[in-house]
Structure formats: structure tokens, C-alpha cells
Amino acid sequence: MVKKKIAGFIEKLKKLHGDPHYVALGMAIGVFVACTPTIPFHSILAVALAILLGASKPAALLGVWVSNPFTVLFLYFACFKVGHFFFDDSVKALKSIEILINHIESDVEFSQKIVYFSEFMKTKIRTFMIMNLGGVIIGLPFGLGSYFFTKHLISRWRQQYNIQFKKGHLS
């Protein structure tokens, strides 16, 4: 199942329009946003940044899927730990994050998840800011790495496609 999902992701990436820089910048934006603890708003933030920076919006939307039900716990914990390391020394904040993650992963409607997220922001704004700063610190190298990786892949795929097309292997 995971192998199928990855193959589907790669196929979607191959079909994106635009030059390699444009697609890679969109992917980098999506991956960067995915590393921040702003789950209910990942898509909105990624598309907004893609528009502002002139990048591929579909690639940005693909990139936010780095944060998914399998990785969200790790990402939120990493955001907390990194932010905590650089900016704070409060252990109580970890409990708040556990509660938030439990609410986000529960089987409640999306609108209720936004309510939980909003309440968390109101009552635990310091923890939220620490997590966001941790997310930015994590997101920058992952976003940058995904830019170069995606640009290389897109360039290589398109070069292979052009070679096959010129040889008459594609119609």
C-alpha cells in the first residue's frame, strides 16, 4: 500500500507543468509548510506562499503531504523539541502538544479540529510559537533539500522523456 502511494505521488509529480525550478520551488514551499505545526492550514499556507513566490501551486499541495497521519506525530514532536531547545525550557508545554495531537487525530469533523486548534492557540500561544519556530528551523533545510532533489528529478525525467520521444519510442 505504501509503495502504491509513493508511486502515485511520483506519477503526479512527473505530470506537473512548468520548468524544473518552478515545480521544485512549489515542492520546497509545500515541504517547508508541512514541517510547521499548522495542520489545518497547510494547504492554504502552501498555495498562498506559492502565489507570492511564483511557484507551482500543485507542487506545493503535493509537498504538504509530507505531513500526513503517519508523520504528524514525529513532526509535531520534532517541532516542539527543536523549538524548546532553542527558545524555551518549559516541560508543561509537552502535555499541551499531546492533547492537541490527540484532538487532531481523533475522528471528529474538520470544523471541530479547527476549534481544537484555535483553542490551543488561544490558551497555549507560547507553546504554539515555540513549535512554529521549531517548525521553521526544521522546515528550512528540508524545504531546501526538497528543492534541489525535485529540480534534479524533474530535469532528469524530462531529459529522458525527450530522448525517448526523439528516438520514436513515444507517440
Measure off, as a whole percent, the carbon and sulfur share of the 1.4 Å-probe accessible area of the chain, all protein chains present. 69
Just order 16-24, 126-134, 148-156 by mean Cβ neighbour count inside 10 Å, highest at the front, would you? 126-134, 16-24, 148-156
Under 20 °C and 1.002 mPa s, how fast does the chain diffuse according to Stokes-Einstein, given a Kirkwood radius computed over C-alpha pairs? Answer in µm²/s, whole number. 124
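Of 3/81; 3/124; 4/113, which ones are farther than 32 Å apart at the Cα?
Beyond 32 Å between Cα atoms: 3/124.
Using a Förster distance of 22 Å, how high is the FRET efficiency between residue 144 and residue 121, based on the Cβ-Cβ distance and rounded to 0.05?
Step by step, r from the Cβ atoms, then E = 0.20.
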If one compares the long axis through the Cα atoms of helix 2-14 with the longest principal axis of the Cα atoms of the chain, the angle in degrees, nearest 10, works out at 60
Extreme residue, positive dipole direction of the chain, given options 75, 47, 137 (C-beta unit charges): 47
Counting only helical runs of four or more DSSP H residues, what would the 222 nm mean residue ellipticity of the chain come to if each run contributes -39,500 (n - 2.57) and the total is spread over all its residues? -26000 deg cm²/dmol
Relative contact order, percent, the chain [alpha-carbon distance under 8 Å, six or more residues apart]: 32
Point-to-point label distance, residue 98-residue 129, nm (Cα→Cβ direction, 7 Å offset): 2.5
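What number comes out for accessible area per residue over the chain if the probe is 1.4 Å? Units Å², please.
Value for the chain: 63 Å² per residue.
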Could you sort 62-68, 111-117 so that the peptide with the highest average Cβ count within 10 Å comes first and the rest follow in order? 62-68, 111-117
Hydrodynamic calc, the stretch 1-82: Kirkwood Rh from Cα pairs, then Stokes-Einstein at 25 °C with viscosity 0.890 mPa s, so D in µm² s⁻¹ is 190
With 5 Å bins from 0: P(r) over the stretch 98-163, alpha-carbon pairs, percent: 4, 14, 14, 13, 12, 11, 10, 9, 7, 5, 2, 0
Explain nothing, just compute: Karplus ³J(HN,Hα) = 6.51 cos²θ - 1.76 cosθ + 1.60, θ = phi - 60°, for every residue of the stretch 76-81 in order, whole Hz, x for Gly and Pro. 5, 5, 5, 4, 4, 4
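The values are calculated or read from the model by the stated rules, or taken from the named source; none is laboratory data. Everything quoted here is computed from the prediction, not taken from an experiment. Every residue, glycine among them, receives a Cβ derived from its backbone with ideal geometry; neighbour counts consider all protein chains shown. Accessible surface is based on the protein model in full, side chains and every heavy atom, while ligands, DNA and RNA are left aside. Shrake-Rupley method; radii C 1.70, N 1.55, O 1.52, S 1.80 Å.
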